[in-house]
Amino acid sequence: MAGIKVHGSVFSTATQRVFASLYEKELEYELVPVDMKAGEHKKEAFLSLNPFGQVPVLEHGDQKLFESRAITQYIAQEFPDKGTQLACPGKPIAPLLVWKEVEALQFDPPSSKLNWELVYKPMFGMTTDPAAVEENEAKLSKILDVYEARLSQSKYLACDSFTLVDLHHLPNINFGFGDRLSRKLFDATAPHVSGHNGQAEFQLPDRLG
């Protein structure tokens, strides 16, 4: 079977999610850069790979996949014996399914909006909206309260091993939060989430560091 190609941008947290899964699986791949600033993701050549015009896209043999979480699931299932298993071996699958949805539907929206305000806007010379930052910090803080309760009982979100659930959080935390949010939202109020409590480590930034 042909090698793996990832069409995407290193500045895209969705693309980084796929990078993280390939890293955990110890798989080699070719990055096909997509210049989003130039609008390459909206041109016909890329739209033939993803009609929604969003990165990333993964090519593997005859497979052409888009949506980052679907891609990471494919990688985990296609290469079960490579690298980190990214599953809960011998455990019920239900918690894994639940917490994957929590990341996508609860955690990702406010954390992505914070990345937009605190990282991407300054990068593009735009002005950060303090009200939007405050609103989404508050939303994320409530979610982290739920995570803190969960991680006081489980080493990782889905089970006692590192899975796709934890991996899916990596890009937004590692790329965008920086010192400000790490201290304010994680270290100060969520010791289990930050990984500073030895009973339950959630050291996501370290795995991309």
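Being modelled with pLDDT under 95, assigned to a loop (DSSP other than H, G, I, E, B) and over 21 Å from the mean Cα position of the chain (by Cα) is true of residue 89.
Set side by side, the residues 37, 42, 64 differ, and just one is in contact with a strand residue (DSSP E or B) (Cβ under 8 Å, 6 or more places away or on another chain) and not assigned by TED's automatic domain parsing to the domain that holds residue 135, which is 64. Of the set (1) within 21 Å of the chain's Cα centre (by Cα); (2) within 26 Å of residue 7 (Cβ to Cβ), all apply to residue 96 but (2). Quick check: anything in region 101-122 over 28 Å from residue 9 (Cα atoms), outside the structural domain of residue 74 (by TED's automatic domain parsing) and not acidic (Asp, Glu)? Within region 101-122, none of the residues are over 28 Å from residue 9 (Cα atoms), outside the structural domain of residue 74 (by TED's automatic domain parsing) and not acidic (Asp, Glu). Only residues that are more than 15 Å from the chain's Cα centre (by Cα), among the acidic types (Asp, Glu) and modelled with pLDDT of 95 or more were counted across region 48-78, and they come to 2.
When the criteria are applied in full, residue 53 fails the requirement of being on the phi > 0 side of the Ramachandran plot and not assigned by TED's automatic domain parsing to the domain that holds residue 22.
Name the single residue, out of those in region 36-59 being acidic (Asp, Glu) and surrounded by 11 or more Cβ atoms within 10 Å (Cβ to Cβ), that is nearest to residue 9 (Cα to Cα).
Of region 36-59, the ones acidic (Asp, Glu) are 40, 44, 59.
Filter once more, keeping what is surrounded by 11 or more Cβ atoms within 10 Å (Cβ to Cβ): 40, 59.
Details: 40: 11, 59: 15 Å.
If we take residues in region 36-59 being acidic (Asp, Glu) and surrounded by 11 or more Cβ atoms within 10 Å (Cβ to Cβ), then 40 is nearest to residue 9 (Cα to Cα).
Close contacts from region 37-56, counting a first residue that is outside any loop (DSSP other than H, G, I, E, B) and a second that is at pLDDT below 95 and of a type in the set (S, T, N, Q), with Cβ to Cβ under 6 Å and a gap of 6+ residues or different chains, come to none at all.
Quick grid of which residues meet (1) out of contact with any His (no Cβ under 8 Å at 6 or more places or on another chain); (2) part of a loop (DSSP other than H, G, I, E, B); (3) buried (at least 17 other Cβ atoms within 10 Å of the Cβ); (4) touching a residue at least 12 places away in the same chain (Cβ under 8 Å):
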residue: 72; (1), (2), (3), (4): no, no, yes, yes
residue: 81; (1), (2), (3), (4): yes, yes, no, no
residue: 110; (1), (2), (3), (4): yes, no, yes, yes
residue: 126; (1), (2), (3), (4): yes, yes, no, no
residue: 132; (1), (2), (3), (4): yes, no, no, yes
residue: 144; (1), (2), (3), (4): yes, no, yes, yes
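Filtered by the rule that a residue be of a type outside the set (Ser, Thr, Tyr), touching a strand residue (DSSP E or B) at 6+ places or on another chain (Cβ under 9 Å) and touching a residue at least 40 places away in the same chain (Cβ under 8 Å), region 15-34 gives 16, 18, 22, 24, 25, 27. Using the structure shown, decide if residue 94 is surrounded by fewer than 18 Cβ atoms within 10 Å (Cβ to Cβ) and hydrophobic (A, V, I, L, M, F, W, C). Yes, satisfied. Do we find that residue 76 is within 21 Å of residue 164 (Cα to Cα), touching a residue at least 24 places away in the same chain (Cβ under 8 Å) and either buried (at least 19 other Cβ atoms within 10 Å of the Cβ) or of a type in the set (A, V, I, L, M) (or both) in this structure? So residue 76 fits the description; yes.
The values are calculated or read from the model by the stated rules, or taken from the named source; none is laboratory data. Everything numeric here is computed off the predicted structure, so don't read it as measured data. Quick reminder, even Gly has a Cβ in these numbers, built from the backbone with ideal geometry, and neighbours come from all protein chains shown.
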